[in-house]
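Everything on this sheet refers to the single structure shown next.
The values are calculated or read from the model by the stated rules, or taken from the named source; none is laboratory data. No experiment lies behind these values; they were computed from the predicted model shown. Every residue, glycine as well, gets a Cβ built from its backbone with ideal geometry; the counts of neighbours run over all protein chains shown. Calculation scope for accessible area: heavy atoms of the full protein, side chains included, ligands and nucleic acids excluded. Shrake-Rupley method; radii C 1.70, N 1.55, O 1.52, S 1.80 Å.
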Amino acid sequence: MATLVTFHAHPDDECIVTGGVMRKAFEEGHRVVLVVATRGEAGEVPDFLEPGEELWQRRVDETYAAADLLGVARVEFLGYLDSGMMGDERNDRPGSFWTADVEEAARKLAAILEEEDAKALTIYDSFGGYGHPDHIQVHRVGQRAAEIAGTPAVYQAMVKESEFREAMRRAGEAEPPPLGEDAVPESELNVGVDVSKYLDVKRAAMRAHASQIPEQSFFLALDDETFAHVFGTEWFIREGHGPETALDL
């Protein structure tokens, strides 16, 4: 049995980009650990919060519910504040993940990697997928933490943009503007893991994050065929390796 640590910026990120490999690792007898940098304080506030309930409290509860579905043995929050989208005034508030000292945050994550004797770590690509400051910081902190802890395999999770846009067209959704020149090109993806066997669990984990992924959301409204096309393979960059069809556990 090996340990896979998946490091994410906010609650719900884990099921979207790594939910399949998390459940696959669990099914194959490995230990899965989820580390989340923030509690998602800057997310959309739903109208079904209980009186006095804060958004972050609901999102933490949702994370544990999704983690149970994905086979996670341990959940840790690093305690930073959600920075909001790039350019948001919350980017630079004290305690935001975007303003965190990379070395300090990396040592927090490295301590978990060392405790778990992690064989593999998932983070995001250098652009954070779509330029979100907290996702970019996950890349920076995760890379450094792996160096400190000596974690042998680091996988940079990334949604394949062309497939995602195709799904949006099929669903009749308005496409967002191009990611821009700073985005990591799809050609760098060199690890594709078939997780089609776990799509029902992956979708259930998304559903567990009901405050941010309601039933009418793009993710849950897709027909089964389109959902499988977009999310049936989870894509990563592993520098100096590839092509690969499985995580090195």
Under the classification rounded if a/c is under 1.5, otherwise prolate if a/b is larger than b/c and oblate if not, where does region 33-116 fall, given a ≥ b ≥ c as square roots of the Cα gyration tensor eigenvalues?
oblate
Among the aspartates and glutamates, which fall within straight-line cross-link reach of residue 197, defined as a Cα-Cα distance under 16 Å, with same-chain neighbours fewer than 8 residues apart omitted?
27, 28, 224, 225, 234
Subtracting the Cα-Cα distance of residue 103 and residue 218 from 0.36 nm times their residue separation yields 37.8 nm
Please list the non-local residues whose amide H lies under 5 Å from the amide H of residue 40, H modeled 1.01 Å from N, same-chain partners needing a gap of 5 or more.
82
Fraction of accessible area attributable to carbon and sulfur, region 1-139 (%, probe 1.4 Å)
47
Which order do you get for 36, 102 if you rank them by accessible area with a 1.4 Å probe, largest at the top?
102, 36
Report residue 96's accessible area, 1.4 Å probe, all protein chains in place, as a number in Å² to the nearest 10.
0
Within the chain, what is the longest stretch that has no GluC sites (Glu not before Pro) placed in a DSSP loop and near at most 10 other beta-carbon atoms within 10 Å?
45-180
Sorting 105, 152, 132 by the position of each Cα along the dipole of the chain (Lys, Arg +1; Asp, Glu -1; all at Cβ), the one nearest the positive end of that ordering is 152
Before I look further, what does the chain give for accessible area per residue, probe 1.4 Å, in whole square angstrom?
44
Got the relative contact order for the chain handy, in percent, Cα pairs under 8 Å and 6 or more residues apart?
24
Starting from the 7 Å offset along Cα-to-Cβ, what nm value, one decimal, do you get for the label separation of residue 228 and residue 44?
2.7
Need the full-extension length gain, residue 165 to residue 196, defined as separation in residues times 0.36 nm minus the C-alpha distance. One decimal, nm.
9.2 nm
Percent antiparallel among DSSP beta bridges confined to the chain, rounded to 5, stands at 20
Might you work out the accessible area of residue 13 for me, using a 1.4 Å probe with all protein chains in place, and round it to the nearest 10 Å²?
20
Which residues' amide hydrogens lie under 5 Å from the amide hydrogen of residue 76, considering only partners 5 or more residues apart or on another chain, with H built in the peptide plane?
34, 35, 36
Pull out the extension gain between residue 86 and residue 74, defined as 0.36 nm times the separation in residues minus the alpha carbon to alpha carbon distance; nm, one decimal.
1.3 nm
Rounded, prolate or oblate, given the Cα gyration tensor of the chain, with a/c below 1.5 counting as rounded?
rounded
Reachable lysines, given that their alpha-carbon falls under 20 Å from the alpha-carbon of residue 202 and they are not under 8 places away in the same chain
24, 160
Charge-dipole axis of the chain as Lys and Arg at +1 and Asp and Glu at -1 on Cβ define it, positive-most pick from 87, 42, 245:
245
If I ignore ligands, DNA and RNA and count only protein heavy atoms, how much of residue 235 is accessible to a 1.4 Å probe, in Å² to the nearest 10?
60
Solvent-accessible surface ranking, highest first, for 135, 241 at 1.4 angstrom:
241, 135
What is the magnitude of the charge dipole of region 73-116 about its Cα centre, with +1 placed on the Cβ of each Lys and Arg, -1 on the Cβ of each Asp and Glu, and no other charges, expressed in debye to the nearest 20?
100
